[in-house]
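The values are calculated or read from the model by the stated rules, or taken from the named source; none is laboratory data. Note that this is a predicted model, so its numbers are computed, not measured. Counting neighbours? That spans all protein chains shown, and the Cβs are built from the backbone with ideal geometry, glycine included. Note: areas computed on protein heavy atoms with side chains; ligands, DNA, RNA excluded. Shrake-Rupley method; radii C 1.70, N 1.55, O 1.52, S 1.80 Å.
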Amino acid sequence: MHLPSPPLSFIPSPSVNGFHLGPLYVHFYGLMYVVGITLAVIITRRRWRAAGGDPALVGDVATWAVPAGIIGGRIYFDITTPGDIPHVWYGVFAVWSGGLGIWGGVAAGAAAGIWRVRRAGASAGLFGNAVAPALLVAQAIGRIGNYFNQELFGKPTTMPLGLEIAPHYRPLGYAAYRTFQPTFLYELVFDLLLAAALVWLGHHRQIRPWGLFALYVAGYSAFRIFEESLRIDSSEHFLGLRLNFFVACVMTVIGLAWFVTSQRRKASQATPDTGGAGSDADPGADSPIPTSASGQ
C-alpha cells in the first residue's frame, strides 16, 4: 500500500498537554476553557450593559450556567462517545482528559441561565442575544485545548498546515499516517468569524430577542455538518454516518426556524422596566435589541 508523504510544512504535535504548578498538574485543555469562559463573561458584561441590563447579572448567570454546562456537556459526551471514556472508575467524570459535547453543554447551560435571568426579572431573549457571540469566542479558545489533547482532527492529509498526530493518538487503521486535517483549527476560525458576524448583524439590523442566539445555534450547527464529514475520531454511528452529523442537521433546522419565528413575532409597544433590560413577562421583552447593544 502506497502512503502519501508528509507535507513539507505542518502543525507539529505538542510535546506536553499541561504543566506542573507545585503539586498540581494543570491541563492545557482545562486552562483554555477557563480562559474562554473568562473572556465570555467579560464580553457578555459589556454587551449586556450596552443593552441596558445590570452587568452583575452576568456573573450570577455564569456561576450557575458554567457548572451546568460542564455537567451537561460531559453527559452528552458519555452518551454519544462511550468508546472514549477512560477505563477507570472515575472515567465518566474525567473532563480534564477531553470530552465535552457542545450541544449538551449549551442546552444545560442555557436552561440554568434562563432560570437565573428570569429570576432576576430580565429578558432571557435579550440576554441570549448578548451572550451568543461570547459563547462562540469561548468555544474558539476551547478548541486550542483540543490541540494539546491531540483530538478533534480529521482525515489524513498532505496539504500544508496538516496536523501532526503522535502515533498513540491515531485512530485504529490510521497508524501509518502522520498528518491529518486540523478540524479543531477550522472550527476555531469559523467560531470567531461567526461571532464577528453576529456582532455586526446586531449592530446594523433590528434583531428581536433570541434572534442572534438562534443564528448562533443554526450557524454553528451548519458548520458541524461539514466538520463531521471530515472527523475520524471515535463516535457512535447511525446509517453509516456519525451520530453528531444528524444532530447537527436537526439543530441547523431548529436554529433557522427559531430565528424566523422570533423575528416574525409582532413587536409589542415597549414600556419602562425596572430590571433595565425588559422582563420576559413584560410587554417590552419583545422589542428589538437596541442598536447600541451589539456594537461592543
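Okay, here's what the table says:
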item: Label-to-label distance, nm, for residues given as F246 and A176 (7 Å Cα→Cβ offset); result: 3.3 nm
item: Segments 41-54, 189-202, 15-28 sorted - mean Cβ within 10 Å per residue, highest first; result: 41-54, 189-202, 15-28
item: For segment 222-265: accessible area per residue (Å², 1.4 Å); result: 56 Å²
item: Rel. contact order, % - alpha carbon contacts under 8 angstrom, at least six apart, segment 1-149; result: 36 percent
item: Segment 139-222: relative contact order as a whole-number percent, Cα under 8 Å and 6+ apart; result: 31 percent
item: Two-site label geometry, W64 and F93: point separation in nm, points 7 Å out along Cα→Cβ; result: 2.4 nm
item: R0 of 51 Å, Cβ-Cβ distance S13-R265: FRET efficiency to nearest 0.05; result: 0.55
item: Surface accessible to a 1.4 Å probe, per residue, for the residues of segment 6-73, Å²; result: 53 Å²
item: Two-site label geometry, L201 and K155: point separation in nm, points 7 Å out along Cα→Cβ; result: 3.0 nm
item: Environment charge of G162, counting only residues whose C-beta is closer than 12 Å and scoring Lys/Arg +1, Asp/Glu -1; result: +1
